[in-house]
């Protein structure tokens, strides 16, 4: 188990992640995950209590599906994001909650993500929940859950980007 | 475009059903004109049976949920003895919504505005200070919550009708009942809605989702990325069965229709894929054998190995594909709809297969799936295209019209919808068709 790092390390990591997503550098974004990682988005208004084993989510990717999500989003035939939307991800309220017994460092942040396409803009907001580990001296995501602090996707319609 | 229909001197009907020549066209004004939407509300949504919810969503007596159905705010609940009922969610006093939670368990409801209270049968149950109201106030039913005109269920699918003179649900569902039976028979203990729903919206006319939900023609182009994913997920190149002699379309009467055919993916009830491993194969055999014993071999094969995409007129979709989705939608305007979608599963399903079902669902379906967002993109693109309707007025829905047995990638299932739509909106006579 590696010791906790200075909080600036975690903040830099999250800002870097947001920058990669803003720039549609999704393969590099996938590189921030540890092999076998998972990525989940429960339905709007649900939080870390929701369980993708028995609740319907929007996204509950294992490593296999996450790799395919990235591959799909990079294709011209991924119609929902082609032409690509513009986006901006704001990260704030970063909290380093400490380490689990298995060595995962728990970090949460608040986010606002803007998606703009065809002269229309949607926003998504909520909290990211991370379980981070160190691989070869670098921070890597073992698990990420994005909880939407919204009551539905009526205003956004879809969640075709990585928020 | 706010002229009323009666003032429009239309040179055409909206649905051109030319059976002699095998041509079927729909006028694009039907997707953009607010007058048409008003007609649809009056002649379709106020007259047809509309899906409300599933029995499994109210597990205990006194359970309730609130839901917007056909533009109305409703309370769907069970009383103390467990009876299912549906009430308009509006206070008889001054009109506030009496229940504002999404769901819960309550013996009584109290309006937060002035405190009027009702038992969960909707009966007025407020103790008033004497002298303010006549003595028999609240005793004649005028201060009760108003029940919806008609409520009925078929195989745990509950429907409402706002027209007291409507035909029975049984007659309305017609041949669709046989296919609802197929979905309802997956589990030996019945079916249940899995917790949490997906509420989203599409900036397109509601009828476009009707068409898209049973459209076997668009899969290879719109969903090529999903098919590429599926190839890797199941190992090998998936044959997406859509065409002649493989997938058939069935007219279920009254505007309902279904396409049915073999499945290229794993189905929790009950088609094995190699990705589920040897134990998964044994488990599927157990599920399949139970099915055969319960419903017979032919029926078991239909349930286990066939997909179904079904429209129940006007706005219920039950797609029994890699998972089962129950989906309903309602127009907010001619160019926008609100959608709510659920996952349905067998009540007695084990944890591993429930997870597989949810994985199957999310791989394809919903606002974060690998396919639905591309459907939404297509529908929104279509809606934008309709801004040209005056110069380019017609949709073509003729595919397979001259075939004896139209296939899943033909468009007969959509013509079933449009013929009923035309009958209700334009009247019985089909222009030049018969």
Residues of segment A:20-36 being touching a residue at least 60 places away in the same chain (Cβ under 8 Å) and closer than 16 Å to residue A:89 by Cα, in sequence order, are A:21, A:22, A:24, A:26, A:29
The lone condition residue A:114 fails out of (1) more than 14 Å from chain B (Cβ to nearest Cβ); (2) modelled with pLDDT of 95 or more; (3) closer than 30 Å to residue B:275 by Cα is (3)
Exactly one of A:14, A:30, A:26, A:20 is at pLDDT 95 or above, touching a helix residue (DSSP H, G or I) at 6+ places or on another chain (Cβ under 6 Å) and farther than 26 Å from residue B:223 by Cα, and that residue is A:20
Exactly one of A:160, A:152 is within 14 Å of chain B (Cβ to nearest Cβ), in contact (Cβ under 8 Å) with a residue 60 or more places away in the chain, under 23 Å from residue B:337 (Cβ atoms) and touching a helix residue (DSSP H, G or I) at 6+ places or on another chain (Cβ under 8 Å), and that one is A:160
Note on segment B:181-211: residues within 14 Å of another protein chain (Cβ to nearest Cβ), closer than 30 Å to residue A:53 by Cβ and either in a strand (DSSP E or B) or touching a residue at least 40 places away in the same chain (Cβ under 8 Å) (or both) are B:192, B:193, B:194, B:195, B:197, B:198, B:199, B:200, B:201, B:202, B:209
Residue set B:156, B:185; condition crowded, with 17+ Cβ neighbours inside 10 Å, at positive phi and within 27 Å of the chain's Cα centre (by Cα); output residue B:156
Of the residues in segment A:39-83, those that are in contact with a helix residue (DSSP H, G or I) (Cβ under 9 Å, 6 or more places away or on another chain) and either under 20 Å from residue B:221 (Cβ atoms) or more than 12 Å from chain B (Cβ to nearest Cβ) (or both) come to A:68, A:71, A:72, A:73, A:74, A:75, A:77, A:78, A:79, A:80, A:81, A:82
Note to self: residue B:153 - would you say it is more than 14 Å from every other protein chain (Cβ to nearest Cβ) and in a strand (DSSP E or B)?
What the structure shows: yes
(1) at negative phi; (2) surrounded by 14 or more Cβ atoms within 10 Å (Cβ to Cβ); (3) more than 8 Å from chain B (Cβ to nearest Cβ) all hold for residue A:126 apart from (1)
Among helices (runs of 4 or more DSSP H) completely within segment B:323-434, the ones holding 1 or more residues that are within 12 Å of chain A (Cβ to nearest Cβ) are B:351-364, B:372-385
Counted residues in segment B:242-262 being assigned to a loop (DSSP other than H, G, I, E, B) and either crowded, with 19+ Cβ neighbours inside 10 Å or at positive phi (or both) come to 8
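The values are calculated or read from the model by the stated rules, or taken from the named source; none is laboratory data. Since the model is a prediction, treat every value here as computed from it, not as a measurement. Cβ: placed from backbone, ideal geometry, glycine included. Neighbour counts: every protein chain shown.
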